[in-house]
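Undergrad: Got a structure here, written out as structure tokens. Questions coming.
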Amino acid sequence: MGRVEQKVALVTGGASGIGLASAQLLAKEGAKVVIGDFNIEGAKAAAEEIKANGGEASAIFLDATKEDSIQEAVEFTVNTYGSINILFNNVGGTNLKKDLDVVNLDLDEWDRLMNMNLKSVLIGSRFAIPYMQKAGGGSIINTASTAAVAGDAIRSAYGASKTAVTGLTRYIATQYGKDNIRCNAIAPGLILTPAAKANLPEEVREIFMKYNALPYHGEPEDIGNTVVFLASDDSKFMTGQLLVVDGGHYMTSPTISDVDNYVASLQK
Ligand SMILES: NC(=O)c1ccc[n+]([C@@H]2O[C@H](COP(=O)([O-])OP(=O)(O)OC[C@H]3O[C@@H](n4cnc5c(N)ncnc54)[C@H](O)[C@@H]3O)[C@@H](O)[C@H]2O)c1
């Protein structure tokens with residue numbers, strides 16, 4: 001018996017990276033999974049692979065920046081599998097050339113990211129919640145980021161939108177808790193998705209590793225396993241929470257090593 005046996009899940013941005021690993025792990029644990037992505041070929045390939053491995057999955061074109069496209073994906077999920085019990089609002093991202101410091105960031109990019117990273121969570125949730133209410137409950141899981149728990153020199157729009165996702169998570173949890181609908185968010189640290197592997201120079205990866213408490217990088221499955229936990233009854237008393245999954249990157253004060261060095265210098 002899987003941990004989400006016979007549950008129905010919609011995963012946005014499920015054709016690659018964190019979404020793909022989550023879709024695969026949800027299916028492995030018994031869920032029927034709809035993969036929504038604007039890379040429809042990738043979504044179809046992911047669904048086929050899940051089916052080839054004995055799971056149940058379907059694909060649908062989804063543009064998470066468009067309200068009617070999100071509505072269509074939610075309704076496709078319900079029409080295909082009879083309900084929606086798990087919604088993983090995972091689409092998100094930034095453009096490092098435009099999402100700069102507050103003085104210099106491109107305001108059109110600000111609007112684009114608020115729409116893609118934040119409004120998509122609102123829209124997906126508002127279309128799924130009435131079906132979850134009818135089904136007697138559900139679990140909504142949102143992808144935030146460690147950009148929601150610390151400031152940064154650039155990525156102001158990304159950080160603000162992901163911080164707002166954690167706030168919206170608490171509002172959804174508060175408003176629909178009595179309907180047995182839980183809502184939690186995950187803040188991944190650096191996760192070596194194919195895109196991150198292709199775009200991040202080795203030097204930058206090493207900087208991240210230096211500040212991780214653990215001696216390895218995050219893999220998409222590390223977030224996927226957290227998604228399964230939040231989707232399943234294993235987390236049935238948790239709602240409105242932000243789970244930071246980052247190898248311990250952000251939990252140590254950055255001043256500690258400087259203070260240690262200073263104290264050591266006094267002892268010389
Ligand atoms: N990878 C990391 O290190 C990391 C860290 C923190 C947070 N995150 C967050 O995790 C989530 C997933 O990131 P990832 O690294 O797996 O990304 P990714 O680029 O590997 O995959 C994103 C998927 O979403 C799809 N997609 C992008 N825009 C879309 C849209 N508008 N509509 C529908 N589909 C769309 C892409 O086709 C792709 O399949 C994002 O919200 C991201 O902000 C990632």
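The values are calculated or read from the model by the stated rules, or taken from the named source; none is laboratory data. Everything quoted here is computed from the prediction, not taken from an experiment. Virtual Cβ from ideal backbone geometry, glycine too; neighbours counted across all protein chains shown. Heads up: the accessible areas ignore ligands, DNA and RNA and are worked out on the full protein's heavy atoms, side chains in. Shrake-Rupley method; radii C 1.70, N 1.55, O 1.52, S 1.80 Å.
Undergrad: Place a point 7 Å from the Cα of A213 along the Cα-to-Cβ direction; which residues of the range 145-170 have their backbone N under 12 Å from it?
TA: Residues passing the 12 Å test: none.
Undergrad: Still on this structure, I have one more. Any chance you could run the full-extension gain for N180 through A52? It's 0.36 nm times the residue separation minus the Cα-Cα distance, nm to one decimal.
TA: Once the chain is fully extended between N180 and A52, it gains 42.7 nm.
Undergrad: Longest segment of the chain with no chymotrypsin sites (Phe, Trp or Tyr not before Pro) in a DSSP loop having at most 12 other Cβ atoms within 10 Å? Working shown, then result.
TA: Details: sites that count: Y216, F237.
Longest run free of exposed loop sites: 1-215.
Undergrad: Decide, for the chain, between rounded, prolate and oblate: order the square roots of the alpha carbon gyration tensor eigenvalues as a ≥ b ≥ c, take rounded if a/c falls under 1.5, and otherwise choose prolate if a/b is larger than b/c, else oblate.
TA: Note, shape of the chain comes out prolate.
Undergrad: Still on this structure: Please report the spacing between the Cα centers of the range 1-74 and the range 155-178 in Å, no decimals.
TA: Result: 23 Å between the Cα centres.
Undergrad: Looking at the square roots a ≥ b ≥ c of the eigenvalues of the Cα gyration tensor of the range 42-167, which shape do they give, rounded for a/c under 1.5, prolate if a/b is larger than b/c, or oblate?
TA: Prolate, since a/c reaches 1.5 and a/b exceeds b/c.
Undergrad: Then there's this: Probe radius 1.4 Å, ligands and nucleic acids left out: which of R112, R155 has the largest accessible area, and how do the rest follow? Walk me through the intermediate numbers first.
TA: Working: R112 100, R155 65 Å².
So the residues, ranked largest to smallest area, are R112, R155.
Undergrad: First measure r as the distance between the Cβ atoms of E206 and I40, then evaluate 1/(1 + (r/R0)^6) with R0 = 41 Å and state the FRET efficiency to the nearest 0.05.
TA: Rounded to the nearest 0.05, the efficiency is 0.70.
Undergrad: Another one. By how many nm would the segment from N79 to D258 lengthen if fully extended, with 0.36 nm per residue of separation less the alpha-carbon distance?
TA: Difference between extended and current length: 58.7 nm.
Undergrad: Same structure again: Could you tell me which of rounded, prolate or oblate describes the range 176-268, using a ≥ b ≥ c as the square roots of the eigenvalues of the alpha-carbon gyration tensor, with rounded for a/c under 1.5 and, failing that, prolate when a/b is larger than b/c and oblate otherwise?
TA: oblate
Undergrad: Within the range 184-223, whose backbone N sits under 11 Å from a point 7 Å along Cα→Cβ of Q241?
TA: What the label zone holds, given the 11 Å backbone N cut-off, is 184-185.
Undergrad: Go ahead and estimate [θ] at 222 nm for the chain from helices alone: -39,500 (n - 2.57) per DSSP H run with n ≥ 4, summed, over the residue count, rounded to 500. All intermediate terms of the calculation are to be shown ahead of the outcome.
TA: Values: 10 runs with 124 residues, N = 268.
When only DSSP H runs of four or more count, the value is -14500 deg cm²/dmol.
Undergrad: Can you tell me how much longer the chain between R126 and K268 gets when fully stretched, taken as 0.36 nm per residue apart minus their C-alpha distance, in nm with one decimal? Don't skip to the end; give the middle numbers.
TA: Working: separation 142, 0.36 × 142 = 51.12 nm, distance 6.20 nm.
Extra length available between R126 and K268 comes to 44.9 nm.
Undergrad: Specify the residue with the greatest mean-square fluctuation among K32, K162, K210, computed from a Gaussian network of the chain linking alpha-carbon atoms under 10 Å apart.
TA: Its mean-square fluctuation being the largest, the pick is K210.
Undergrad: Find how many whole Å separate the alpha carbon centroid of the range 240-257 from the alpha carbon centroid of the range 103-144.
TA: Measuring centre to centre over Cα atoms gives 24 Å.
Undergrad: Please report the base-10 log of the normalised intensity I(q)/I(0) for the range 1-86, using a Debye sum with one equal scatterer per alpha carbon and no solvent, at each q in 0.11, 0.22 (1/Å).
TA: The Cα Debye sum returns log10 ratios of -0.23, -0.95.
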